[in-house]
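What follows is a single structure, written as structure tokens, with notes after it.
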Amino acid sequence: MKIKLIDIAHGRSGDKGDAANIGIIAYNDKGYEIIKKHLTAERVKEHFIGICKGNVDRYELPNIRALNFMLHNTLGGGGTVSLKHDAQGKTLAAALLRMELDI
């Protein structure tokens, strides 16, 4: 069965220098178990192929039913030096929420 990530979670994103920071927060415990199992660092890196040129780190925050991803070497040097349209990564959470998960 396929589900869209946006149906079970919401997200926020921003920047930390040249790294994008994406937080995905499940609406409930069941959704958290799904994202914890299926939303891997590898899947996120694959979703942002061509944008994320570095490693992706995943951090679990079970007390708030969230996963936090750091996408290194993604923002073209960061907000003050990049020529990218979204040099702060503000739209990346919305892009990730469009991902479909096979569960």
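Of the set (1) at pLDDT 95 or above; (2) among the charged types (D, E, K, R); (3) over 15 Å from residue 101 (Cβ atoms), all apply to residue 15 but (1).
A quick yes/no check of all residues on (1) assigned to a strand (DSSP E or B); (2) over 16 Å from residue 94 (Cα atoms); (3) without any contact (Cβ under 8 Å) to a residue 40 or more places away in the chain:
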site	(1), (2), (3)
10	yes, no, no
15	yes, no, no
20	yes, no, no
25	yes, no, no
31	no, yes, yes
36	no, yes, yes
43	no, no, no
54	no, yes, yes
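When 21, 73, 68 are checked against the criterion of being of a type in the set (S, T, N, Q) and modelled with pLDDT of 95 or more, 68 stands alone in meeting it. Of all residues in the stretch 34-73, those being surrounded by 13 or more Cβ atoms within 10 Å (Cβ to Cβ), more than 20 Å from residue 103 (Cα to Cα) and among the polar types (S, T, N, Q) number 2. The residue of the stretch 1-33 that is farthest from residue 65 (Cα to Cα), among those that are among the β-branched types (Val, Ile, Thr) and surrounded by fewer than 18 Cβ atoms within 10 Å (Cβ to Cβ), is 3.
The values are calculated or read from the model by the stated rules, or taken from the named source; none is laboratory data. Please read all numbers here as calculations on a predicted model, not as lab measurements. Cβ coordinates were reconstructed from backbone atoms using ideal geometry, including for glycine residues, and neighbour counts include every protein chain displayed.
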